[in-house]
1. Step by step: first the residues of segment 155-178, then only those that are modelled with pLDDT under 95 and assigned to a loop (DSSP other than H, G, I, E, B), then the one that is nearest to residue 260 (Cα to Cα). Which residue is that?
2. Can you tell me which residues in segment 196-217 are within 26 Å of residue 410 (Cα to Cα) and more than 20 Å from the chain's Cα centre (by Cα)?
3. Let me spell it out: the conditions are (1) touching a strand residue (DSSP E or B) at 6+ places or on another chain (Cβ under 6 Å); (2) closer than 20 Å to residue 284 by Cα; (3) free of Cβ contacts under 8 Å to residues at least 60 places away in the same chain, and residue 208 meets all of them except one. Which number is the exception?
4. Here is a check on your reading of the model: is residue 6 in a loop (DSSP other than H, G, I, E, B), out of contact with any His (no Cβ under 6 Å at 6 or more places or on another chain), surrounded by 10 or more Cβ atoms within 10 Å (Cβ to Cβ) and not assigned by TED's automatic domain parsing to the domain that holds residue 176?
5. Could you please let me know if residue 229 is closer than 29 Å to residue 79 by Cβ, touching a residue at least 24 places away in the same chain (Cβ under 8 Å) and surrounded by fewer than 24 Cβ atoms within 10 Å (Cβ to Cβ)?
6. Tell me which residues, restricted to segment 245-268, are crowded, with 24+ Cβ neighbours inside 10 Å and among the aliphatic types (A, V, I, L, M).
7. Among the listed residues 249, 186, identify the single one that is in contact with a strand residue (DSSP E or B) (Cβ under 8 Å, 6 or more places away or on another chain) and touching a residue at least 12 places away in the same chain (Cβ under 8 Å).
Amino acid sequence: MRYLPLADHDRQAMLRTIGVSHVDALFADVPADKLLDRLVALPTAKSEIAVERHLAAMAAKNVAAGAVPFFVGAGAYRHHVPATVDHLIQRSEFLTSYTPYQAEIAQGTLQYLFEFQTQVARLTGMDVANASMYDGSTATAEAVLMAHRITRRSKAVVSGGLHPHYRGVTRTTTELAGFAVDTLDPDPTGTEDILARIDGETSCVVVQSPSFYGHLIDLKPIAEKAHAVGALLVAVFTEVVSLGLIEPPGAQGADIVVGEGQSLGNPLTFGGPYVGLFATRDKYVRQMPGRLCGETVDADGKRAFVLTLSTREQHIRRDKATSNICTNAGLCSLAFSIHLSLLGQTGLTRLARVNHANAVKLADRLAAVPGVAVLNDTFFNEFTLRLPKNAADVVEALAAKGVLAGVPARRLEPKHPHLDDLLVVASTEVNTDEDREAFAVALAEVLG
């Protein structure tokens, strides 16, 4: 991007045009304690070699997820990604292709997106899926906006088991649009009564299963209550591998299903880019955000692919757009699709069984550590521990012993001090018996 210098009168003209008096007004929504009041203390100049050495030394302090026993989850999971995935997505026709505006020269891109949509629809038990979203959190926020359009109501009831980041993105997106969000308190025990919050003003009910705390939620009674008052059920997941074992949300009555697809084909990569999944019923397809690839035939009667639906803000009828999301996570969705194709239905089920079995072994082993309690009666590959000490302190102590143990609930729920002793732990197919034993032994030492 070119550097375009501006004079003071240029800046003042821009500020007058947008109706503010000072640049600081543009940051009014950022909490005051998050704003810098001085320049960052950095040297004014260093040679390129010196900068590289300094940054390399800083990077060396990081601990790679694959270098130690790793049990961190909470929406981002370490799974084994076959080498085939990276080999294929690095091909130039995939790696460098841009958005498929011209169908006649983008048949390959459109076809893999069509296959991706088919896979997501089958996984979720829904009629139709779009060509992906940015990530699970933005997909959730878009699902709420979509439900408001369909029901012509403006209040969402949000479960306390929804991932805090998803909840935050949804709240920010909907509040700026003038919509109400009725959010239940955090639900570490999986016992909230969300049915009591659903009424005739409810647009949609947003429920995550497995929840942020790992609990499996029966969506059927929630769907029945929502539908009885004319509301929709938005079902959310952060661990897509769970759909290899759990009854699909569509079969449980969900109207919109959204989630994160990172677990398939996409490594942790420090938090992104990831791939949001979005599926719904046929009757709601025209309210779905993003784009939809379809299959047709060309002038010669041969199979061909097109952008069937793409009501995006940058198109000619942008005033009719359902969303301002302008693209899809193309390369990440391709990685997802390749990994899932390699697994197949049988392989996905087997992978899910291994994940669950590993998590059960870990939960049983950690529950035997004095002072530790597992809060879950049900879970897939993630569960919550109650510790006799502050969970954040325990995590730091375990990291010093070479075990990355999980995510303290309070870290993502800073306003709820009663969560101080809760630790969310994940176990996938990459964890071994030795990893589990190392975790248990180190935890006993830290708590002893």
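The values are calculated or read from the model by the stated rules, or taken from the named source; none is laboratory data. Owing to the predicted nature of the structure, the values given are computational and were not obtained by experimental measurement. Every residue, glycine as well, gets a Cβ built from its backbone with ideal geometry; the counts of neighbours run over all protein chains shown.
1. Per the stated criteria, the residue is 177.
2. Passing the criteria: only 197.
3. Exception for residue 208: condition (2).
4. yes
5. Answer is no for this residue.
6. 254, 256, 257, 258, 264, listed by residue number.
7. Answer to the selection: 249.
Yes/no matrix, rows are residues, columns are (1) at pLDDT below 95; (2) over 21 Å from the mean Cα position of the chain (by Cα); (3) assigned to a loop (DSSP other than H, G, I, E, B):
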position	(1), (2), (3)
63	yes, yes, yes
72	no, no, yes
76	no, no, yes
80	no, no, yes
88	no, yes, no
94	yes, yes, no
97	yes, yes, yes
100	yes, yes, yes
